[in-house]
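Notes to accompany the following structure.
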Amino acid sequence: MSEVIFSVFPSENFVDLGLYQFGWEQCDPSHSFGPAARNHYLFHYCLSGTGTLFAENTSGKSITYQIKSGQGFMIFPHQVCTYIADHEIPWEYVWIEFDGLRAKEAVELTGLSPGQPVYRARYKDIADTMKSEMLYIVNHKNESPFHLIGHLFLFIDSFIVFYYNNNCDTHKVVSLYSH
């Protein structure tokens, strides 16, 4: 039987980056969502198990991605996607849906795109930080909105650090925070 934690965030006061909803789920075998398009950015991180993501690329072609524990995927605004838990080893994942005036710029700094939506951890410490921030948000839903937004920024920061540890252009990261 599927277990779910789900929360909707009152984000009307946050314009740079804001949470919309977040949660955790241990999926039943073959559990699926979609096809659907979101209005915001939605990131899933696979804690255990496996599943499949079908996501449209920038040309509108559906691409299939196999996702396993320690990987994640970003769904972009208006991108049509379907995701399905494996029949034998269904995934457990945590997710965060966010948006804001600076969200597109921040997501671009992660290196993910509609044509490359899969996150593959290369550094355990950074992946652990990202996972910890996501789980913190889910497990502390009754904290103040400012507290949770602070952890959203820490989540985004760990994502950006992951990408720039691989690509070494820290000037772009600094410019995001200095405007």
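The values are calculated or read from the model by the stated rules, or taken from the named source; none is laboratory data. Computed from a predicted model, the values in this text were never measured in an experiment. Please note: Cβ atoms are built from the backbone with ideal geometry, for glycine as well, and neighbour counts cover all protein chains shown.
Just one of E143, E88 is within 14 Å of L19 (Cβ to Cβ), of a type in the set (D, E) and assigned to a loop (DSSP other than H, G, I, E, B); which is it?
Among E143, E88, only E143 is within 14 Å of L19 (Cβ to Cβ), of a type in the set (D, E) and assigned to a loop (DSSP other than H, G, I, E, B).
Table: residues versus (1) surrounded by fewer than 16 Cβ atoms within 10 Å (Cβ to Cβ); (2) outside any strand (DSSP E or B).
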{"position": "G72", "(1), (2)": "no, no"}
{"position": "I84", "(1), (2)": "no, no"}
{"position": "Y93", "(1), (2)": "no, no"}
{"position": "E105", "(1), (2)": "yes, yes"}
{"position": "T110", "(1), (2)": "no, yes"}
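Could you pull out the residue among I89, I84, I75, I67 that is within 15 Å of the chain's Cα centre (by Cα) and under 17 Å from S30 (Cβ atoms)?
Matching residue, one of I89, I84, I75, I67: I67.
With Y164, Y177 as the choices, which residue is assigned to a helix (DSSP H, G or I), modelled with pLDDT of 65 or more and more than 13 Å from F98 (Cβ to Cβ)?
Checking each option against the conditions leaves just Y164.
Anything in segment 112-140 that is hydrophobic (A, V, I, L, M, F, W, C), out of contact with any helix residue (DSSP H, G or I) (no Cβ under 8 Å at 6 or more places or on another chain) and in a helix (DSSP H, G or I)? List them, or say none.
L135, V138
Among what's in segment 28-42 and is touching a residue at least 60 places away in the same chain (Cβ under 8 Å) and closer than 29 Å to A106 by Cα, pick the residue that is surrounded by the most Cβ atoms within 10 Å (Cβ to Cβ).
Y41
Kindly evaluate T58 against the criterion of being of a type in the set (V, I, T), under 20 Å from T129 (Cβ atoms) and out of contact with any Asp or Glu (no Cβ under 9 Å at 6 or more places or on another chain).
no
Give me the pairs: first residue in segment 45-57 and without any contact (Cβ under 8 Å) to a residue 40 or more places away in the chain and closer than 16 Å to F76 by Cβ, second residue among the small types (G, A, S) and surrounded by fewer than 17 Cβ atoms within 10 Å (Cβ to Cβ), beta-carbon distance under 8 Å, and six or more apart or on different chains, which are they?
Qualifying pairs under 8 Å: F54/G34; F54/S62.
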